[in-house]
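In what follows, a structure is listed as C-alpha cells, so that the remarks can point back to it.
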Amino acid sequence: MSKEKKQVYISEMTSQLDKAEAVIVAHYQGLTVKQLDDLRKKMREHGIQFKITKNRITKLALEKTSRKDLSNLFTGPTAVAMSDDAITSAKILTNFSKENQNLKILGGMMGKDLLDVAGVKNIATLPTLDEARAKIVGILRSPAQKIASILLAPGSKIAILALEKSKK
C-alpha cells in the first residue's frame, strides 16, 4: 500500500470510527469467503458497516479518535462492525458467531463505554428499538381494548361484571 493510500485509509477509518455510535471488533480467521459475504450482506441490510482492517494502520486511525481504548483488540485477523445501532450489530455478530465458531467477538465500544465479550453478548439480548416500541404499543393498547369490549358487551354482562366486582 502506497503512502497516499495509507493516509486516505487512516482518514476514512478515523471519520467512520468517530461517526459510529457502536464499534465491535472480532476475529474472522477460519471463515470462508462465502461466510464473510453472508455476514456482510446481513450487516448491510441493517446499515452496518463490516470491514476487515489492517491492524497497524487502524491503530493509527484510532489514536485520532475517542476510541483509543480499542487499540489493544487489534491483533491478528481483525474485522470491525461500525453502526449507529449497537443492539442490532451485536445481535447479528452474536448469532453469526453461534453458527460459525470461527468468528470470535473480542469486544467493542458503545458510545463512550468499553465493552468486553460478555458486554457485547448482553447488549445482543436487549430488544431493538422497533421491538421496544411494539411492546409499548401492546401495553398501551391492552387496557383500551378491555374497556372497549366491556362497553360493547350486552347489558347483562355489564351487570354480572358489576356484581362480581361488588362481591370483592
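Assorted remarks:
- The conditions of being assigned to a loop (DSSP other than H, G, I, E, B), over 12 Å from the mean Cα position of the chain (by Cα), of a type in the set (Gly, Ala, Ser) and over 19 Å from ASN122 (Cβ atoms) are not met by GLY47.
- Verdict on ALA118 being loosely packed, with under 11 Cβ neighbours inside 10 Å, modelled with pLDDT of 85 or more and aliphatic (A, V, I, L, M): yes
- Among residues of segment 97-115, those that are closer than 17 Å to LYS51 by Cβ and either of a type in the set (A, V, I, L, M) or surrounded by fewer than 19 Cβ atoms within 10 Å (Cβ to Cβ) (or both), counted: 5
- Residue, nearest to SER66 (Cα to Cα), within segment 86-113, restricted to residues that are touching a helix residue (DSSP H, G or I) at 6+ places or on another chain (Cβ under 7 Å) and in a loop (DSSP other than H, G, I, E, B): LEU103
- Residues of segment 10-48 that are among the polar types (S, T, N, Q) and crowded, with 16+ Cβ neighbours inside 10 Å: THR14, GLN16, GLN35.
- Residue in segment 136-143 that is in the same structural domain as ILE48 (by TED's automatic domain parsing) and of a type in the set (Ser, Thr, Tyr) present: no
- Looking only at segment 121-144, and only at residues there that are over 19 Å from ALA20 (Cβ atoms) and among the hydroxyl-bearing types (Ser, Thr, Tyr), the one that is modelled with the lowest pLDDT: SER142
- Selection count where residues are among the basic types (Lys, Arg) and closer than 10 Å to ILE123 by Cα, scope segment 87-111: 1
- Any hit, segment 24-39, residues being part of a helix (DSSP H, G or I), at pLDDT 85 or above and within 15 Å of the chain's Cα centre (by Cα): yes
- Residue in segment 3-17 that is assigned by TED's automatic domain parsing to the domain that holds ASP84, part of a loop (DSSP other than H, G, I, E, B), farther than 19 Å from ASN72 by Cα and without any contact (Cβ under 8 Å) to a residue 60 or more places away in the chain present: no
The values are calculated or read from the model by the stated rules, or taken from the named source; none is laboratory data. A quick note: this is a predicted structure, and the numbers were derived from the prediction, not measured. Cβ: placed from backbone, ideal geometry, glycine included. Neighbour counts: every protein chain shown.
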